[in-house]
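Working notes for the structure below.
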Amino acid sequence: MKRIYAMLLALALLFSLAACGNSASPAAAPAGDAAAPESQETEPVGTVRFFNDQPQIENTLKDLASRYTAQSGVEVVIESAAGADYEDALAAALAGENAPTLFILGGEKALDRFGASCLDLGDSEAAAELISDHYALHRNGAVVGLPCTLETYGLATNQTLLAQAGYTIDNINCLEDLQKVAQVITARGHSLGFAAFTSAGLDTTSEPRFNTVLASLPIAAQLQDGASGAPFTDAYLDNLHALWDLYLDNATCKREEIAGKTAEDSRFEFCEGKAVFYQTSAADYDNLKNSFDEDELTMIPLYFGVGDEAYQGLITGAQHYWCVNGGAAAKDLSATLDFLAWLLGDASALSVLTNQLGWRAPYRAAAEPDNRFERAERDLTLSGRVPVALHFDAIPSENWKYNLSASLAAYADGTGDWEGVVAAFTAAN
């Protein structure tokens, strides 16, 4: 009996060991074998799809895109369209599959059509790189576009001649200061040998300086007050009247001669030292610089007698803006914002925009401009001056500009009066 009990006990022990051998617990990995990695879910990488309005710069943009892709692994696809068909092409692209995540808009008028597609960039890294929020494109208080390149306008100033008249640019901080300096120069013109202003030419090569740039001063003031646009009122035309008279009465030519004066006449007078001030653009700097010593030239604001002019900057703005498609997929939106932050915040990327494309990129990482007019604008803005907004696309039509020029010329030569200027400015055409 004892022998049978012992045999049963041995069998039970044998079955118990067998059950342990067939346990669901995994066997230890053989020595030298790596343990299998745990499964990890990777975050999908987005794509940047950029719709460009200037085909002539596409190769440069593709080089930048390739550099960014090599650095980040993010694909940047560039498509271009141009001319009058650009907005229609953009509208079709935004409505289609694989819609652009980044695109260019031409200014405030374009917001009527595309504003709802634009993401608010106010809190973005790219917007934080802007030297001034005043340069941005706004819609209902939101930043919806960041400028590609700035345009700047003001009074080019020959500091050497100004010093000979007994002044520096620090003496001119408002319209009243400018009037005083101009009138002193005119009174002493025979002994000084120069005038205050170059000729305010109104032939077709010169008139945009006045029917567009000068006219932008009262337009900007009205829009700042909340006006919706044309037709404009006469609210600030007394200020325009004072500035226009200042040009006419303190210039290198007689009032009745301006209708035939060209842009080249005005530029020549300035380069020859015949006048202290010359209303022009920063883009004109390259045409002037070889006639002056390095420190002679600067640019001061077009003072207009509106607001606290001690805080006024130059007329500055953009006609092309970077905009982001707020309706893009989350991963593509994130990739696009990262790309834009790199493009506008990386010194080497900005150098391509400035050196190869000749753009004035108003971002903190951009090198200081060689152009002394652009440098003056940057310095004024960094010091707290507020640039006068550029509202070229608020001008009603080419016919409106033509009529304004004709009225300014008629007022100058005495065949018309200031009421004719008021009528042309306030017309709806």
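Key figures for this structure:
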{"read-out": "Positions within segment 235-260 being over 16 Å from Phe304 (Cα atoms) and not in a helix (DSSP H, G or I), in sequence order", "value": "Asn250, Ala251, Thr252, Cys253, Lys254"}
{"read-out": "Sole residue being closer than 30 Å to Asn52 by Cβ and polar (S, T, N, Q), chosen from Asn287, Asn250", "value": "Asn287"}
{"read-out": "Test for Asp393: is it in contact (Cβ under 8 Å) with a residue 40 or more places away in the chain and open to solvent by 30 Å² or more (accessible area, probe 1.4 Å)", "value": "yes"}
{"read-out": "Matching entry among Ala423, Ala412, Ala376 (being modelled with pLDDT of 95 or more, among the hydrophobic types (A, V, I, L, M, F, W, C) and within 19 Å of Thr298 (Cβ to Cβ))", "value": "Ala376"}
{"read-out": "Subset of segment 301-341 (residues that are of a type in the set (Val, Ile, Thr) and either at pLDDT below 95 or open to solvent by 10 Å² or more (accessible area, probe 1.4 Å) (or both))", "value": "Val306"}
{"read-out": "Any hit, segment 193-205, residues being over 25 Å from Phe292 (Cα atoms), in contact with a Pro (Cβ under 7 Å, 6 or more places away or on another chain) and open to solvent by less than 30 Å² (accessible area, probe 1.4 Å)", "value": "no"}
{"read-out": "Those residues of segment 272-283 which are touching a strand residue (DSSP E or B) at 6+ places or on another chain (Cβ under 9 Å), open to solvent by 10 Å² or more (accessible area, probe 1.4 Å) and over 19 Å from Leu380 (Cα atoms), in sequence order", "value": "Gly273, Lys274"}
{"read-out": "Pairs where the first residue, in segment 258-270, is over 25 Å from Thr415 (Cβ atoms) and the second is in a helix (DSSP H, G or I) and open to solvent by 50 Å² or more (accessible area, probe 1.4 Å), C-beta under 9 Å, 6+ apart", "value": "Arg267/Asn287; Phe270/Ser291"}
{"read-out": "Hits in segment 240-271 - residues which are open to solvent by less than 30 Å² (accessible area, probe 1.4 Å) and touching a Phe, Trp or Tyr at 6+ places or on another chain (Cβ under 7 Å)", "value": "Leu243, Tyr247, Asn250, Ala251, Ser266, Phe270"}
{"read-out": "Of residues in segment 157-187 being under 23 Å from Arg375 (Cα atoms) and among the β-branched types (Val, Ile, Thr), the one most open to solvent (accessible area, probe 1.4 Å)", "value": "Thr168"}
{"read-out": "Identity of the residue in segment 63-117, among the basic types (Lys, Arg) and surrounded by fewer than 16 Cβ atoms within 10 Å (Cβ to Cβ), that ends up modelled with the highest pLDDT", "value": "Arg113"}
{"read-out": "All helices (runs of 4 or more DSSP H) inside segment 342-427 with 1 or more residues being within 19 Å of the chain's Cα centre (by Cα)", "value": "347-351, 372-382"}
{"read-out": "Positions within segment 290-299 being open to solvent by 10 Å² or more (accessible area, probe 1.4 Å) and either closer than 27 Å to Arg188 by Cα or modelled with pLDDT under 95 (or both), in sequence order", "value": "Ser291, Phe292, Asp293, Glu294, Asp295, Glu296, Thr298"}
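Per-residue answers, yes or no, for (1) more than 19 Å from Leu350 (Cβ to Cβ); (2) β-branched (Val, Ile, Thr); (3) outside any helix (DSSP H, G or I):
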{"site": "Leu64", "(1), (2), (3)": "no, no, no"}
{"site": "Gln71", "(1), (2), (3)": "no, no, no"}
{"site": "Ile78", "(1), (2), (3)": "no, yes, yes"}
{"site": "Glu87", "(1), (2), (3)": "yes, no, no"}
{"site": "Leu121", "(1), (2), (3)": "no, no, yes"}
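The values are calculated or read from the model by the stated rules, or taken from the named source; none is laboratory data. Owing to the predicted nature of the structure, the values given are computational and were not obtained by experimental measurement. Cβ sites come from the backbone with ideal geometry, for glycine too, and all protein chains shown count toward neighbours. Surface areas here come from the heavy atoms of the whole protein model, side chains and all, with no ligands, DNA or RNA. Shrake-Rupley method; radii C 1.70, N 1.55, O 1.52, S 1.80 Å.
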